[in-house]
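The values are calculated or read from the model by the stated rules, or taken from the named source; none is laboratory data. Note that this is a predicted model, so its numbers are computed, not measured. Heads up, the Cβs are rebuilt from the backbone with ideal geometry, glycines too, and the neighbour counts pull from every protein chain shown. Only protein heavy atoms, including side chains, enter the accessible area calculation; ligands, DNA and RNA are left aside. Shrake-Rupley method; radii C 1.70, N 1.55, O 1.52, S 1.80 Å.
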Amino acid sequence: MVSIAVTPDDPLDAARLKRLTVAILWISLPVSLISSSQLAFVQHAPIAGAIVMTAFVTAIVVLVLMWKWPGTFPSAPHLIFLDSTLISMALTVMAGGLLASGVNSVWGFTTVLAAVIIFADWRATAWLVVFIVTQAVAIAWSLQIDPIYEVDSVEYVAAFNLFIVIVLTYVVMYYFVRQRKLLLAQSDALLANILPVEIADRLKTSDATFADDYPAASVLFADVVDFTPMSSGMEPAELVGLLDEVFSAIDELVNDRDLEKIKTIGDAYMVAAGVPEPRDDHAVILCDLALAIHDLTTTTRFS
């Protein structure tokens, strides 16, 4: 049900955002029904209840649009944003103002929050401006007319509205901040596998092109003897597993000597000494590593 707007061509991030948007729309259906019924039968405000019911209808329309024509995303949610903003404005006016409505306007703020999630650009800022302007108009308008209905236990209603919206905002922010930290950690790990940590840190903090000069350094290349004929009789998964096992063992030798692994290419392993941190024994330590690798591969049976 949450994947009705997802197409096979959607990138992973776009598909995730569509599922999140559709899930929120599904949740909004029972919420709007309950709110509409509460206004109509408990608060004795049938007009206000009918206005809130438009959120239910609009959500159905948007769900159908994104299901039948997935290309309407992210334009279709603008209908929801407009409807929610106008509902918040209307209820504020009908109840007699910001406080008299139980701070109902905070529900309109969820429109801005959703716009930030979906767009995260000038369109989200535009909806923030729309929200502020409509609420200012609603407050000014409510001062010019008599309330159409009165909210019972307005303090409790205001506390409920604030509590729900605050919790909702916290959950959304927590989710996206946590996702950002996870993605950043994955990006840092990928950079660390490709580049020396010092170089990766410099690339993250500056876009400038840089090149360092080292008076002396040593580089070691090692590859597997008779790799081509050996690999011809192995399955791909078996071959990759063997190389991973061998290179992981060599990684330990490299780390023990505080050397810099540059990269692996097929069955070749490249490691440097004296960069990015200079050291006087760069040639000697690489010779020691070469002997250690030879001893490792001749005495260890790899699967």
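Sort out for me the Cα centre separation of the range 1-40 from the range 137-173, rounded to whole Å. One Cα centre to the other: 24 Å.
Across the range 261-303, the residues whose backbone nitrogen lies under 18 Å from the label position 7 Å along the beta-carbon direction of residue 235 are 303.
With θ taken as phi - 60° and the Karplus curve 6.51 cos²θ - 1.76 cosθ + 1.60 applied, the whole-hertz 3J(HN,Hα) list for the range 172-183 is 5, 5, 4, 4, 6, 5, 5, 4, 4, 5, 5, 5 Hz, x standing for glycine and proline. Modelled spin labels at residue 133 and residue 156, positioned 7 Å past Cα toward Cβ, are 3.8 nm from each other. Spread over its residues, the convex hull of the C-alpha atoms of the range 1-158 is 100 Å³ per residue.
In a reduced charge model with +1 at each Lys and Arg Cβ and -1 at each Asp and Glu Cβ, the range 1-128 shows a dipole moment near 100 debye about its Cα centre.
Diagonalising the gyration tensor over the Cα atoms of the range 189-303 and scaling each eigenvalue by 5 before taking the square root yields semi-axes of 29, 18, 11 Å, largest first. Per-residue surface analysis assigns residue 259 an accessible area of about 20 Å², computed on protein heavy atoms at 1.4 Å probe radius.
Over all alpha-carbon pairs in the range 66-112, figure out the percentage whose distance exceeds 17 Å. Tail fraction, whole percent: 42. What the range 200-284 shows is 66 Å² of accessible area per residue, with the surface traced by a 1.4 Å probe over protein heavy atoms. Nonpolar atom fraction for the chain, defined as the carbon and sulfur part of the 1.4 Å probe accessible area, stands at 67 percent. Listed values (1) 18.8; (2) 24.0; (3) 16.9 include one computed from this model; for mean projected area of the Cα convex hull in nm² that value carries the label (2). The simple Förster model, with R0 at 22 Å and r as the Cβ-Cβ distance, assigns residue 122 and residue 75 a FRET efficiency of 0.90.
Once the Cα atoms are used to define both axes, helix 236-256 deviates from the longest principal axis of the chain by about 80 degrees.
Determine the shape class of the range 89-171: with a ≥ b ≥ c the square roots of the Cα gyration tensor eigenvalues, call it rounded for a/c under 1.5, and otherwise prolate if a/b is greater than b/c, oblate otherwise. Verdict is oblate for the range 89-171.
Three principal axis extents describe the C-alpha atoms of the range 102-232; from largest down they are 89, 37, 26 Å.
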